[in-house]
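Visitor: Have a look at the structure that comes next, please.
The values are calculated or read from the model by the stated rules, or taken from the named source; none is laboratory data. Computed from a predicted structure; not experimentally measured. Because the Cβ atoms are built from the backbone with ideal geometry, glycine has one as well, and the counts that use them run over all protein chains shown. For the accessible areas, the whole protein counts, side chains as well, though only heavy atoms, and no ligand, DNA or RNA atoms are used. Shrake-Rupley method; radii C 1.70, N 1.55, O 1.52, S 1.80 Å.
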Amino acid sequence: MTLLVVRDLTVRYAPGVPAVRGVGFDVGAGEVLGVVGESGSGKTALALAMVGLLPPDARVTGSVRLRGEELVGRSDAELSRIRGRDLAMVFQDPLSALTPVHPVGDQIAEAVRIHSGATWPAARARAVELLDLVGIPGAARRARACPHEFSGGMRQRVMIAMAIANDPVAIVADEPTTALDVTVQAQVLDVLKAAKEATGAAIVLITHDLGVVAGFADRIMVMHAGRAVESGPVEEVYRRPRMPYTIGLLQSLPRMGAAGAARPAPVDGASPEAPAAGGGCAFRPRCPVAVDACGGRDPEPVLVGPSGHTAACVNTEATADPDAVFPLPDAVPRPARPPRRERPVVLEVDGLVRHHPLYRGTLLRRRAGTVHAVDGIGFDVREAETLALVGESGCGKTTALMEILRLARPQRGSVAVLGQDTAALRPARRKALRRDVQVVFQDPFTSLDPRMRVADIIAEPFAAHGLRAPRGRVRELLDLVGLEPAHAGRYPHGLSGGQRQRVGIARALALEPRLLLLDEPVAALDVSVQAGVMDLLEGLRNRLGIAYLFVAHDLAVVHRIADRVAVMYMGRIVEIGSVDEVYGRPAHPYTRALLDAVPLPDPRLERRRRRVPLRGDLPDPTAPPAGCRFRSRCPRYAALGAVDARRCEEHDPMPRPMSTDRESDQWAACHHPLAEAGAGS
Amino acid sequence: MAAFLLRRLANYAVLAVAATSLAYLLAAVALDPRSNFDDRAPRPPESVVDARLTRLNLNDRTALAVRYGTWAAGVLHGDFGRTWEGRPVNAELWRRLGVSVRLMSPGAVLGSALGILLGAYAAIRQGRAADRFITFGSYLLLAVPVFVLAVLLQIVAAKANDAMGMHLFAWVGETSPGAAYGPFGALGGLADRARHLFLPTVTIAMTQIAFYSRYQRGLMLDVLHADFVRTARAKGLRHRTALLRHGLRTALIPMTTYFAYSFGFLVLGGMFCEQAFGWHGMGEWLVEAVSRGDVNVVAAISCLAACGVLAAGLASDVLHGVLDPRVRSGAAA
Amino acid sequence: MTTGLAARTAPGRPAGTPSPAGPPRLPRRIARSRRAVAGLVLLAALFAVAFAGPLLSRWGWDDTDFTAFRQGPSARHWLGTTQSGRDVLALTLRGTRRSLVIGLSVAVLSTGLAGLVGTVAGFAGGRLDRILMWGTDLLLVVPSFLLVAVLAPLLGGGALVPLLAAVLWMVGARSVRAMTVSLREREYVLAARFLGAGPARVIVRHVLPQLASLLVVDASVNVSVAVVAESGLSYLGFGVRPPDVSLGTLVAAGQGAAPACPWPFAAAAAMLVLIVLAVNLLGDGLRDVLDPEAGPRRGDR
């Protein structure tokens, strides 16, 4: 039964720029429609238009029908009787989306009371039921807690509980898992699935993550510049995408499952903020198969496959073979270098510790304990090699990077850069050493001084070291990172995210460092832009022989660029080894869980996977569990007998080699590793 | 927990002691009570002057440290010394404090409450006529110093009295002599007090409204488009209900910080009001004391003001804790 | 005085993310702010009237017209005369000059002090920071009215400006310190430090330009606070002393007779209100332009 029918929906903000242009779709009971698009594609405006929560200066035309009832053009009073009862919404950021000052139980109870007129006690009882349903332990007690006392995943569960409070007919979920770590994302998606089954609601899931859609949605709609450019059943669209933009998105994804050789294809340029007026297909400037006919007017969706698979493209003949549109580039050949063991060590970290005091309370500030942000980690990085530090938020990976960057004496342990112990450095030596160690930050919007021109930003390293930038060096660097000479005169806010990150990279490369520390360099970028920046980093490493320490949470990105990977959990490295070994035969249960939780952008693979989701949340960072820190969430520990389990409870596991093979350097800190059986193979 | 509260209080106590001592020393060095005798005709003999000044602990020929010691010893026993006339400072201090509190509190309470409501209302009606009117009004009012506002209101009241041909508005002092013994007895006295309180209250309330409405409007605009207001609407609340139940409640929290700041504003405003409306409160007393070189009074008032400012700070902290569960549970790092 | 102290910083608001206020072209952006333009125009007009006006008037502020006591406006005295036969217009212009000059100089001094103490405390951190901030708190707790009222007569007329500056810098210093601390942790400042830039370079290239806008706004607010503070003190008899006049003494002198003879009071009061209004408008406009995170929100200019 079709519950939600959207036809020709257009959203226009005051100056007349349409954010959504003529979008239409149907969603049936118990069906999930995944709406995918990059930033600026209009997907959030679409969500808000459906529930009538756009800012007052937005103009909505077209039709949204819920069970045949028209919603567009209704007054706030009429809509508020429908919102929350028949049509519910789950927002992206559960911290800002919940009122900070009211207990969550009351917030859910309010949703119940508005529509049912229940008494407060009855509504509160129902709220506890709902919290229990979405898997919040100790629901009756937790209902009295305020949002800040919950973790991100738990807050999102609260949002879902609120959405299903009145058994809605349809749920619109706008990026419900974007702010969450992968293991928590998997949990929340399970809750959403359970909620769908409990209510039989139609779900519109809006996301930028093709992996989430692959695992969760029945149908997909791809948005670009405010238009639905392709839609159809998930499997069909992933297998035979026909709109060049969809092809580009799919081809640009780094894939963990794929054979290591193929690289994702970069799609040039950014999603246009506003399509050229009357200028035809908005993807034309980035489209490799554009023809003259694309310039006429917006292409209409045409049927290109079974079950209503449509693509809005005039040149669908050319898109039958995805690889012909955006060919996957061949792997860049790595120049032959001596084996790892013979290459010089660029960075050596041993027993590095960084604890910091945690204060709580603003009225009564008191020291609540010590956060063991980095608690004794060790690794080395050799020339022309990339070591990735991966882990979920709060695992200490960025703290570790910052400690190395300080080039000062650590609280405990040692850091040696190019053979020089940072604890023993004099200020002049330290400054000189900074020429060889450079950094690229995560957020290209905050890491460039907004008041400096690109040329000055890139030349700053020279000035900082009292040097004059050699003539033409800025141009050379711009060229090196794929920017135009014209960009030199711009300010950062005149550049796109990808371009800014390239400026950041150019700045880091200016002094020809030997070690580059990268803190989530592509996390803030859209996927199609990510691929280009990753290409750049890979090429630079191969050409210049720089060593990278690459901090990231995205395992697919790491798989692509890293030679070796170190997995961190609560300030410790739980597993380290070559990418092939760690991804292929993870030894630590946490590594296994992380890899399992990453959604694969392939519906068939994704749905076939059997995964054991991690339980619960990260423990309190000031009081890690005794023995093994991962114990509280470890699926393997849960299955152990009492004798084996005691080892986990009493002894903190130290990293040890997982194989006797001389070629292998896989180490894991686990008493009962997963892959030990295969040791020596 | 209690230990931390104590430490905070101790820090405040140290600040109050330091501020009061500083004020005393400053006044003792800078003021010249001896000159009060200069224009007495005939000028009393030097020895009499000295004896009088010494009795009041005001003699500039005694070493400053000794004077400070004497004064501090008195203060430790809760005695702020004697006024120029030789009466105990304490008694007068409490009496004057009562006058000032009676003068200011109705205006302060009324003004802040109305200001917050008007500010929130203006934000909800952003850009409409009501908002423009409130914003413009608060802008204009903020630019009018209290003493000008007081005089303006007096002029208006005088015209009104003339127009009505009766003495409805009164603006000199706290009461008219004998009002309580009129035909209506105590009730008449009360009405007379209210009549005298009216203009000062309006003056103070207007400045407070200007201040609070401006800030509350800004804070409310912050939450107008907040995600949690949108969530509340997504639950099915009407726009205005969502704003009041979720938006205003949250936007009140930062106001507690302004509350401490506005306290100093209020005290100074009160001082000018006393001057303009002829109330014999603390402010008027301070002005007199400074002119007369009455060091003990100046120090006592400074002590009270310092304690007042710190108490307002503490109150705003506590209020913050009451309104914001993030502070209460101490989880906001 | 604490008058209007609260009118400036938003103590609860952290200095937040870096402002996108990148490119200079400042004059044009100021020109787009209706408030800033209105404030500037009004202020310029006030300056012109206050300084050029006396040239057109044949009465000096200290002249006495023994033929006209307490008269209303006439061709001879445009705004009438006072009880003692002085020209109200000339007096008011004289008072306006005093107020403007005092306001500007106090603002420059106190904002300079605020910037110095704030940046030093913010950068030094540790013990020096704590000592400086404790001193700042102490001065906030001592009644500032007392400081000025007691010391001004002792130090003579010229001391009024430094004294007012000395009691007005504290809140500014606190916000400068907060901003400095947050700037120190911004990614592009970190980036510069990790590139190898020394502290001097980091301060000059990356921190000062951001602080500059805060200081400009602080100074503009200080002008209006100083003008009100000076006139308030003079009103109570502790600021500018007779025979010299300021807007405060004029208001005080005119208020008693105001219901019957409003001119002396009204002229001085109107000037006072106009000055404060102009400076407030300018300050708010500048805040909108320079510091989009603080101050009134979008759609408000």
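Visitor: Could you check, for region B:261-280, whether at least one of its residues is closer than 21 Å to B:PRO88 by Cβ and under 23 Å from the mean Cα position of the chain (by Cα)? Full working, then the answer.
Guide: If we filter region B:261-280 for residues that are closer than 21 Å to B:PRO88 by Cβ, which is where we start, we get B:280.
Adding the requirement that they be under 23 Å from the mean Cα position of the chain (by Cα) leaves B:280.
The answer is yes, given that some residue of region B:261-280 is closer than 21 Å to B:PRO88 by Cβ and under 23 Å from the mean Cα position of the chain (by Cα).
Visitor: Related question: Would you say C:GLY156 is surrounded by fewer than 18 Cβ atoms within 10 Å (Cβ to Cβ) and either under 22 Å from A:VAL503 (Cβ atoms) or more than 13 Å from chain A (Cβ to nearest Cβ) (or both)? It would help to see each step written out before you state the result.
Guide: On the way: surrounded by fewer than 18 Cβ atoms within 10 Å (Cβ to Cβ): yes; either under 22 Å from A:VAL503 (Cβ atoms) or more than 13 Å from chain A (Cβ to nearest Cβ) (or both): yes.
Yes: the conditions hold for C:GLY156.
Visitor: State all residues of region C:245-278 that are of a type in the set (S, T, N, Q) and more than 8 Å from every other protein chain (Cβ to nearest Cβ); if no residue qualifies, say none.
Guide: Filtering region C:245-278 down to residues of a type in the set (S, T, N, Q) leaves C:246, C:249, C:255.
Selection gives C:SER246, C:THR249.
Visitor: For A:ALA464, all conditions in the list (1) under 33 Å from the mean Cα position of the chain (by Cα); (2) within 9 Å of another protein chain (Cβ to nearest Cβ); (3) buried (at least 21 other Cβ atoms within 10 Å of the Cβ) hold save one; what is the number of the exception?
Guide: It is condition (1) that A:ALA464 fails.
Visitor: Could you check, for region B:116-130, whether at least one of its residues is in the same structural domain as B:TRP285 (by TED's automatic domain parsing), within 28 Å of B:GLY278 (Cβ to Cβ), open to solvent by less than 50 Å² (accessible area, probe 1.4 Å) and assigned to a helix (DSSP H, G or I)?
Guide: Keep residues of region B:116-130 that are in the same structural domain as B:TRP285 (by TED's automatic domain parsing), which gives B:116-130.
Add one more test, that the residue is within 28 Å of B:GLY278 (Cβ to Cβ), and what stays is none.
So far as region B:116-130 goes, no, none of its residues is in the same structural domain as B:TRP285 (by TED's automatic domain parsing), within 28 Å of B:GLY278 (Cβ to Cβ), open to solvent by less than 50 Å² (accessible area, probe 1.4 Å) and assigned to a helix (DSSP H, G or I).
Visitor: On to the next question. Count, please, the residues in region A:11-21 that happen to be in contact (Cβ under 8 Å) with a residue 12 or more places away in the chain and either more than 31 Å from the chain's Cα centre (by Cα) or crowded, with 18+ Cβ neighbours inside 10 Å (or both). Give the steps one after another, and end with the answer.
Guide: Within region A:11-21, the first condition is being in contact (Cβ under 8 Å) with a residue 12 or more places away in the chain, and the residues that meet it are A:11-14, A:17-21.
Filter once more, keeping what is either more than 31 Å from the chain's Cα centre (by Cα) or crowded, with 18+ Cβ neighbours inside 10 Å (or both): A:11-12, A:14, A:18-21.
Total meeting the criteria: 7.
Visitor: Further question: Under 8 Å between Cβ atoms, at least 6 apart or on separate chains: pull out the pairs that start in region B:275-298 with a residue that is hydroxyl-bearing (Ser, Thr, Tyr) and end on any residue that is at pLDDT below 85 and surrounded by fewer than 24 Cβ atoms within 10 Å (Cβ to Cβ).
Guide: B:SER291/C:GLY237
Visitor: A further question follows. So A:ARG615 clears everything in (1) open to solvent by less than 30 Å² (accessible area, probe 1.4 Å); (2) touching a helix residue (DSSP H, G or I) at 6+ places or on another chain (Cβ under 6 Å) except one condition, right? Which one?
Guide: Single failed check for A:ARG615: (1).
Visitor: Tell me, please, whether a residue that is charged (D, E, K, R) and within 7 Å of another protein chain (Cβ to nearest Cβ) can be found in region C:171-184. If you could, list the steps in order and put the result at the bottom.
Guide: Residues of region C:171-184 charged (D, E, K, R): C:174, C:177, C:184.
Then drop every residue that is not within 7 Å of another protein chain (Cβ to nearest Cβ), which leaves none.
No, there is no match, as no residue in region C:171-184 is charged (D, E, K, R) and within 7 Å of another protein chain (Cβ to nearest Cβ).
Visitor: Determine, yes or no, whether C:ALA200 is open to solvent by 10 Å² or more (accessible area, probe 1.4 Å) and closer than 27 Å to C:LEU163 by Cβ. Before the answer, list the steps.
Guide: Details: open to solvent by 10 Å² or more (accessible area, probe 1.4 Å): yes; closer than 27 Å to C:LEU163 by Cβ: no.
The answer is no for C:ALA200.
Visitor: Can you name the residue in region B:26-50 that is within 14 Å of chain C (Cβ to nearest Cβ) and open to solvent by 60 Å² or more (accessible area, probe 1.4 Å) and, of all such residues, is modelled with the highest pLDDT?
Guide: B:VAL29
Visitor: Determine whether B:GLY269 is modelled with pLDDT of 85 or more and not aliphatic (A, V, I, L, M).
Guide: Values: modelled with pLDDT of 85 or more: yes; not aliphatic (A, V, I, L, M): yes.
So B:GLY269 passes the test.
Visitor: So, in region A:75-91, exactly how many residues are in contact with a helix residue (DSSP H, G or I) (Cβ under 8 Å, 6 or more places away or on another chain) and in a loop (DSSP other than H, G, I, E, B)?
Guide: Selection size over region A:75-91: 3.
Visitor: Got a number for residues in region C:182-201 being in a helix (DSSP H, G or I) and over 27 Å from C:LEU282 (Cα atoms)? Talk me through it step by step, then tell me what you get.
Guide: From region C:182-201, those in a helix (DSSP H, G or I) are C:182-184, C:187-195, C:199-201; that's our starting set.
From what is left, the residues that are over 27 Å from C:LEU282 (Cα atoms) are C:184, C:187-195, C:199-201.
Selection size over region C:182-201: 13.
Visitor: Tell me yes or no: at least one residue of region C:161-182 is over 30 Å from A:PHE462 (Cα atoms), open to solvent by less than 40 Å² (accessible area, probe 1.4 Å) and charged (D, E, K, R).
Guide: The answer is no; no qualifying residue exists.
Visitor: Looking at (1) touching a residue at least 40 places away in the same chain (Cβ under 8 Å); (2) of a type outside the set (Asp, Glu); (3) more than 9 Å from chain C (Cβ to nearest Cβ); (4) in a loop (DSSP other than H, G, I, E, B), find the lone condition where A:VAL415 falls short.
Guide: Result: A:VAL415 fails condition (4) only.
Visitor: Next question. Evaluate region B:145-166: report whether one residue or more is within 28 Å of B:GLN275 (Cβ to Cβ), in a loop (DSSP other than H, G, I, E, B) and away from chain C (no Cβ under 12 Å).
Guide: Residues of region B:145-166 within 28 Å of B:GLN275 (Cβ to Cβ): B:145-164, B:166.
Filter again for in a loop (DSSP other than H, G, I, E, B), leaving B:145, B:166.
With the extra rule that they be away from chain C (no Cβ under 12 Å), the set shrinks to B:166.
There is at least one residue in region B:145-166 that is within 28 Å of B:GLN275 (Cβ to Cβ), in a loop (DSSP other than H, G, I, E, B) and away from chain C (no Cβ under 12 Å).
Visitor: Pairs, please: C-beta under 7 Å, at least 6 apart or cross-chain, first residue more than 20 Å from C:LEU274 (Cα to Cα) and in region C:97-113, second assigned to a helix (DSSP H, G or I) and of a type outside the set (A, V, I, L, M, F, W, C)?
Guide: Once the first residue is more than 20 Å from C:LEU274 (Cα to Cα) and sits in region C:97-113, its partners that are assigned to a helix (DSSP H, G or I) and of a type outside the set (A, V, I, L, M, F, W, C) give C:LEU109/C:PRO162; C:SER110/C:GLY172; C:SER110/C:ASN222; C:THR111/C:GLY172; C:THR111/C:ASP218; C:THR111/C:ASN222.
Visitor: While we're on this one: Would you call B:ALA150 under 24 Å from the mean Cα position of the chain (by Cα), crowded, with 17+ Cβ neighbours inside 10 Å, touching a residue at least 24 places away in the same chain (Cβ under 8 Å) and within 19 Å of C:TYR235 (Cα to Cα)?
Guide: yes
Visitor: In addition: Name the one entry in C:LEU132, C:LEU140, C:LEU190 that is hydrophobic (A, V, I, L, M, F, W, C), open to solvent by 20 Å² or more (accessible area, probe 1.4 Å) and away from every other protein chain (no Cβ under 14 Å). Quick ask: steps written out before the conclusion?
Guide: Values: C:LEU140 fails: away from every other protein chain (no Cβ under 14 Å); C:LEU190 fails: away from every other protein chain (no Cβ under 14 Å).
Checking each option against the conditions leaves just C:LEU132.
Visitor: Taking region A:596-611, which residues are open to solvent by 10 Å² or more (accessible area, probe 1.4 Å) and farther than 15 Å from A:VAL184 by Cβ?
Guide: Within region A:596-611, A:LEU600, A:PRO601, A:ASP602, A:ARG604, A:LEU605, A:GLU606, A:ARG607, A:ARG608, A:ARG609, A:ARG610 meet the criteria.
Visitor: Moving on to the next point. Can you tell me how many residues within region C:250-283 are open to solvent by 30 Å² or more (accessible area, probe 1.4 Å) and not hydrophobic (A, V, I, L, M, F, W, C)?
Guide: Count: 5.
Visitor: Also: Residue check, B:LEU97 against (1) without any contact (Cβ under 8 Å) to a residue 12 or more places away in the chain; (2) closer than 22 Å to C:VAL141 by Cα; (3) not hydroxyl-bearing (Ser, Thr, Tyr), all met but one. Which one?
Guide: (1)
Visitor: Please specify each residue of region B:51-71 satisfying the condition of being closer than 18 Å to B:ALA30 by Cα, in a helix (DSSP H, G or I), at pLDDT below 85 and not polar (S, T, N, Q).
Guide: B:LEU53
Visitor: Output the residue which, of all residues in region B:131-147 that are hydrophobic (A, V, I, L, M, F, W, C) and crowded, with 18+ Cβ neighbours inside 10 Å, is farthest from the chain's Cα centre (by Cα).
Guide: Restricting to residues being hydrophobic (A, V, I, L, M, F, W, C) and crowded, with 18+ Cβ neighbours inside 10 Å, the top hit is B:ILE134.
Visitor: On to the next question. If you scan region A:474-488, which residues turn out to be surrounded by fewer than 17 Cβ atoms within 10 Å (Cβ to Cβ) and touching a residue at least 12 places away in the same chain (Cβ under 8 Å)?
Guide: A:ARG475
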